[in-house]
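The structure under discussion appears below in the form of structure tokens.
The values are calculated or read from the model by the stated rules, or taken from the named source; none is laboratory data. As the structure is a computational prediction, the values presented were derived from the model and not from experiment. As a convention, Cβ positions derive from the backbone with ideal geometry for all residues, glycine included, and neighbour counts pool all protein chains shown. Remember, those area values only see protein heavy atoms, side chains included, never the ligands or the DNA or RNA. Shrake-Rupley method; radii C 1.70, N 1.55, O 1.52, S 1.80 Å.
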Amino acid sequence: MTDLPEFDAYLSLAEVSEDDHRWAFGTGFTDPLAGLDVAVPPSIDAAALAAYCLMLGDDALIYSHRLQQWVTRAPELEEETALANIALDLLGQARMLLTRAGQAEGAAGSKGRDEDQLAFFRDEGEYRNVRLAERADADFAELVARLLVFSAWRLALLRQLTSAADPVLAAIADKGAKELAYHRDYAAGWVIRLGDGTDFSHARMQAGLEAVWPLTGELFTPHPVEAALPGVAADVAALRAEFDAAVDAVLAEATLRKPESRPLARVAGRAGRDGVHTEAMGYILAELQSIARAHPDATW
């Protein structure tokens with residue numbers, strides 16, 4: 001039976017469904033930017049656009065790396081596959097956003113860097129991701145709690161950015177929002193399953209939420225870069241309202257209470273968006289950048 005072609009896992013990796021999606025990757029290989037003019041519209045501050053795309057790209061890049069670290073550690077093989085696919089989606093978003101950041105840098109008059117230069121050859125203080133993205137998860141309950149928070153926030157954010165004045169950012173957001181809808185649903189399913197399960201799983205799920213919650217405050221703190229991008233950056237008040245509605249619905253179904261912990265303290269008023277990170281960030285970059293820095297002229 002397993003000799004039949006339909007049971008060949010390697011052939012299945014390349015199998016295309018009716019909507020041109022491959023099962024192993026979920027989002028297909030169509031280029032969402034095909035045919036778009038990548039010139040930065042004259043009405044947009046190119047330097048601010050570069051900084052904003054860098055923020056969004058760093059969120060995706062660092063969180064993707066964290067999820068990749070769970071491959072071989074998840075409780076079931078199916079969950080490893082799901083987490084790997086989510087990580088791949090975020091990596092794809094990171095690549096497009098970092099590329100757009102480099103294009104906007106060039107439009108602003110500086111030497112535009114490519115995605116590899118931005119991913120592998122910046123120091124810790126040059127990264128602009130929120131600190132939620134860099135946190136290490138203590139267990140699977142904490143992982144799905146963080147994934148719920150991150151995906152609910154980023155989905156609401158990208159939905160707003162689908163109408164951004166920059167057409168490239170809008171196209172990236174449109175593709176990413178479709179992916180984030182799956183990420184949020186996946187996390188919500190596990191939060192409900194654990195929260196409304198046994199007494200033990202309920203306690204672990206509540207503990208996971210409590211551990212992650214102090215990092216949510218930073219998600220809704222406007223940054224000066226956003227103020228410089230009218231028509232591009234998201235509406236923070238609307239973002240918070242959509243996030244709260246989605247998370248509250250999941251927690252009610254999961255019989256979990258919404259944490260009331262205070263936000264993680266900022267350092268002299270600065271946090272991840274300003275290049276101020278937790279201790280975990282240095283370890284992530286040491287792993288993420290080691291090959292590229294050891295062999296900077298290598299080609300693959």
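Of the set (1) without any contact (Cβ under 8 Å) to a residue 60 or more places away in the chain; (2) surrounded by 17 or more Cβ atoms within 10 Å (Cβ to Cβ); (3) of a type in the set (A, V, I, L, M), all apply to Ala265 but (2).
Do we find that Ile172 is open to solvent by 20 Å² or more (accessible area, probe 1.4 Å) and among the β-branched types (Val, Ile, Thr) in this structure? No, not satisfied.
Selection of first residues in region 130-154 that are closer than 19 Å to Phe200 by Cα and of second residues that are aromatic (Phe, Trp, Tyr) and open to solvent by 10 Å² or more (accessible area, probe 1.4 Å), restricted to Cβ pairs under 6 Å at least 6 apart or on distinct chains, gives the following pairs, ordered by first then second residue: Val144/Trp190.
With respect to Glu6, is the statement that it is of a type outside the set (Val, Ile, Thr), modelled with pLDDT under 95 and part of a helix (DSSP H, G or I) true? Yes; evaluated as a whole, the condition is true for this residue. Being at pLDDT 95 or above and open to solvent by 10 Å² or more (accessible area, probe 1.4 Å) is a property that does not hold for Ile62.
Among the residues of region 276-295, those that are in contact (Cβ under 8 Å) with a residue 60 or more places away in the chain, assigned to a helix (DSSP H, G or I) and within 18 Å of Leu67 (Cβ to Cβ) comprise Ala280, Met281, Ile284, Leu285, Glu287, Leu288, Gln289. Quick check on region 236-257. Is at least one of its residues basic (Lys, Arg), open to solvent by 70 Å² or more (accessible area, probe 1.4 Å) and not in a helix (DSSP H, G or I)? Yes, that holds for at least one residue. Regarding region 146-164, can at least one residue be identified that is of a type in the set (A, V, I, L, M, F, W, C) and farther than 25 Å from His277 by Cβ? So far as region 146-164 goes, yes, one or more of its residues are of a type in the set (A, V, I, L, M, F, W, C) and farther than 25 Å from His277 by Cβ. Among residues of region 228-240 that are touching a residue at least 12 places away in the same chain (Cβ under 8 Å), those with a beta-carbon under 6 Å from a residue that is open to solvent by 20 Å² or more (accessible area, probe 1.4 Å) at least six positions away or on a different chain give the pairs Ala228/Asp45; Gly231/Ala165; Val232/Ala165; Ala233/Glu226; Ala234/Gln160; Val236/Phe220; Val236/Pro222; Arg240/Phe220.
The helices (runs of 4 or more DSSP H) found wholly in region 117-217 and carrying at least 1 residues that are charged (D, E, K, R), within 28 Å of Ala104 (Cβ to Cβ) and under 13 Å from the mean Cα position of the chain (by Cα) occupy 140-161, 167-195.
Selection of region 268-300 for residues being farther than 30 Å from Met205 by Cα, among the hydrophobic types (A, V, I, L, M, F, W, C) and surrounded by 13 or more Cβ atoms within 10 Å (Cβ to Cβ) yields only Ala292. Starting from region 93-118, keep only residues that are open to solvent by less than 20 Å² (accessible area, probe 1.4 Å), then list their pairs with residues that are among the aromatic types (Phe, Trp, Tyr) whose Cβ atoms are within a distance under 9 Å, requiring at least 6 positions of separation or different chains. Within 9 Å, the pairs are Ala94/Tyr63; Ala101/Tyr52; Ala104/Tyr52.
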